[in-house]
Amino acid sequence: MSRIFIKIPVERAGVLIGEGGGTKAEIEKGTGTQITVDGRSGEVTIVKGIGSPDPSGLLKARDLVNAIGRGFSHQRAFRLFTDGQLIEVIDLKQALGDSRNAIQRIKGRIIGENGKTRRIIENLTGTVISVYGHTVSIIGEYDEVNVAKQAVAMLVKGAMHGSVYRYLNKEHLELKKRKMSLWEYRPVLKEYAAKDHISGGEDYGDGREEE
């Protein structure tokens, strides 16, 4: 695969290009790609740069273009440059059909008064969320995105906001525990690796019992 074609809303083409072409240039530089944007049709072509050794750059550029196309500012979309960050796009039409009134009502539930609900989801999951057109897009780490996605699904299905907030608070604690466990796990591995080197190769395993 040496090129990818994407179509974004025409009104987002200017945001993708950026002032003086700056945003597009940053994506190209960071992913080793060349990007062409048709401002009249919204069609975007991403080509692997000449001499670029990393084919994953095409996929990274695709995700960045997709994020900006789905309503994220370039600053928020650029989180995708960080390893482990991904984007999930939820199409509300799949659950609600083509009813504009139903989609607008659910978008209002997800955003909340003055953006309150969206901020709560973002703060308790560590994600960033864009509600644009008939889609809800989420950027974050895998576990974070899954929690935010479930919260959105609950709101789409009509759950009370209080129930969604309780779910988010519970999952927020679980996410924190997992991250703390991961950071505690790494020094243990280093400690055992040092012992292994000194003692001549005993097998210490991974330093943790399976849960």
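The values are calculated or read from the model by the stated rules, or taken from the named source; none is laboratory data. These numbers come from a predicted model, not from an experiment. Every residue, glycine as well, gets a Cβ built from its backbone with ideal geometry; the counts of neighbours run over all protein chains shown.
Observations on the model:
- Where V10 falls short, out of the listed (1) surrounded by fewer than 15 Cβ atoms within 10 Å (Cβ to Cβ); (2) within 18 Å of V128 (Cβ to Cβ): (2)
- Pairs where the first residue, in the stretch 145-156, is under 12 Å from I90 (Cα atoms) and the second is of a type in the set (G, A, S), C-beta under 6 Å, 6+ apart: V156/A95
- Figure legend. Inter-residue proximity from the stretch 62-73: first residues part of a loop (DSSP other than H, G, I, E, B) and surrounded by 24 or more Cβ atoms within 10 Å (Cβ to Cβ), second residues at pLDDT 95 or above and not basic (K, R), beta-carbon distance below 6 Å, spacing 6+ or different chains. Indicated pairs: F72/S130.
- Only one of L58, L86 that is surrounded by fewer than 18 Cβ atoms within 10 Å (Cβ to Cβ) and under 27 Å from F5 (Cβ atoms): L86
- The single condition among (1) assigned to a loop (DSSP other than H, G, I, E, B); (2) under 30 Å from G32 (Cβ atoms) that D98 does not satisfy is (2).
Rundown of residues vs (1) loosely packed, with under 13 Cβ neighbours inside 10 Å; (2) closer than 27 Å to K179 by Cβ, yes/no style:
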site	(1), (2)
R76	no, yes
L92	no, no
S99	yes, no
R105	yes, no
R109	no, no
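- Test set (1) within 23 Å of A67 (Cβ to Cβ); (2) assigned to a helix (DSSP H, G or I); (3) at pLDDT 95 or above - L175 fails condition number: (3)
- When the stretch 178-209 is filtered for residues that are modelled with pLDDT of 50 or more and hydroxyl-bearing (S, T, Y), the ones remaining, listed by number, are S181, Y185.
- If the condition is being in contact with a helix residue (DSSP H, G or I) (Cβ under 6 Å, 6 or more places away or on another chain), under 25 Å from T82 (Cβ atoms) and not in a strand (DSSP E or B), then the stretch 19-44 contributes T23, K24, I27, G30, T31, G32.
- Members of the stretch 111-128 found to be farther than 17 Å from E171 by Cβ and either without any contact (Cβ under 8 Å) to a residue 24 or more places away in the chain or in a helix (DSSP H, G or I) (or both), listed by number: I111, E113, N114, G115, K116
- Residue pairs meeting the criteria (Cβ under 8 Å; at least 6 apart or on separate chains; first among the basic types (K, R), in the stretch 77-96; second surrounded by 14 or more Cβ atoms within 10 Å (Cβ to Cβ)): R79/Q85; R79/V128; R79/I139; R79/G140; K93/I103; K93/H134
- Taking every residue in the stretch 29-40 that is farther than 14 Å from L64 by Cβ and pairing it with any residue that is hydroxyl-bearing (S, T, Y), at least 6 positions away or on another chain, the pairs with Cβ-Cβ distances below 8 Å are T36/T45.
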